[in-house]
1. Anything in segment 31-50 that is over 16 Å from the mean Cα position of the chain (by Cα) and either surrounded by 14 or more Cβ atoms within 10 Å (Cβ to Cβ) or of a type in the set (Gly, Ala, Ser) (or both)? List them, or say none.
2. For segment 159-195, which positions are outside any loop (DSSP other than H, G, I, E, B), at pLDDT 70 or above and surrounded by 11 or more Cβ atoms within 10 Å (Cβ to Cβ)?
3. Limited to segment 1-19, what total is found for residues that are surrounded by 12 or more Cβ atoms within 10 Å (Cβ to Cβ) and either farther than 26 Å from residue 78 by Cα or not β-branched (Val, Ile, Thr) (or both)?
4. Based on what the data block shows, is residue 124 surrounded by 10 or more Cβ atoms within 10 Å (Cβ to Cβ), under 28 Å from residue 45 (Cβ atoms), small (Gly, Ala, Ser) and at pLDDT 85 or above?
5. For segment 57-75: of the residues being at pLDDT 95 or above and either of a type in the set (D, E, K, R) or part of a helix (DSSP H, G or I) (or both), which is least open to solvent (accessible area, probe 1.4 Å)?
6. Looking at 139, 130 in this structure, which one is assigned to a helix (DSSP H, G or I), of a type in the set (S, T, N, Q) and within 30 Å of residue 164 (Cα to Cα)?
7. How about segment 76-118: which of its residues are open to solvent by 80 Å² or more (accessible area, probe 1.4 Å) and under 21 Å from residue 45 (Cα atoms)?
Amino acid sequence: GETSRTTAHLTQIIDMRLEDLVNDFGDKNARLVLDGGRVAMDMIEGITDTLQIDCDFRRLPGYLHASYSGIEDERPDLRREAELANELGIAAEYVENVPLSIMGKPGVRYPGQAHFQPLAYLHGIAEYLQSAGVPIFEQTEVTDFDDDGFTLRGEKFSVRCGHTLIATHVPLQGRNSMFPALMLQSKLYPYTSYALEAQIAPEGFA
């Protein structure tokens, strides 16, 4: 149920600050991470155009802004973030005032990010797949699979397949042994972020 409740912004910028990403993994790997986000956005745009899916896909800038609760001057860090993004091949610029920031917060502007309606996008893909003869089964839980990973079983079915893709957001054990799977799961933790959508009169920003 999370897909329908997301803010649905698409960006190649991850939550980790770029300086931390580079320090932890190096320039080359940092570029790979950011390239992955760009390729994903381009793929969604390409599928939307090819299948003519009406999902309100739009290219628009994304922003990273200073904290509303912090008391430290984040301008030097944000300027460095923009500089580092450019060094890694990402268009970015430092701005003194992020749009719609009531308190006039500085930030970094990343052009060429995107936004779309994810459920409309998924419905468009599902309609295409069904028209191509691909069956889709909902509410069909796979509870077990063979060691070779290609026979999936549920309460009342068994499916033999050439490939299996687990797309659950949080990784499952899959074909790993129990120990490495538990090592990964122990590093995961649930968290929730919130977004509010509202119509505000123009004078509300005065």
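1. 31, 46, 47, 48
2. Passing the criteria: only 159.
3. Count: 8.
4. Judged against the criteria, residue 124 is a match.
5. 59
6. 130
7. Hit for segment 76-118 is 117, nothing else.
The values are calculated or read from the model by the stated rules, or taken from the named source; none is laboratory data. Just so you know, these numbers come straight off a predicted model, no measurement behind them. Positions of Cβ are generated from backbone atoms using ideal geometry, with glycine treated the same way; all protein chains shown enter the neighbour counts. Areas reflect the complete protein model, heavy atoms only, side chains present, ligands, DNA and RNA absent. Shrake-Rupley method; radii C 1.70, N 1.55, O 1.52, S 1.80 Å.
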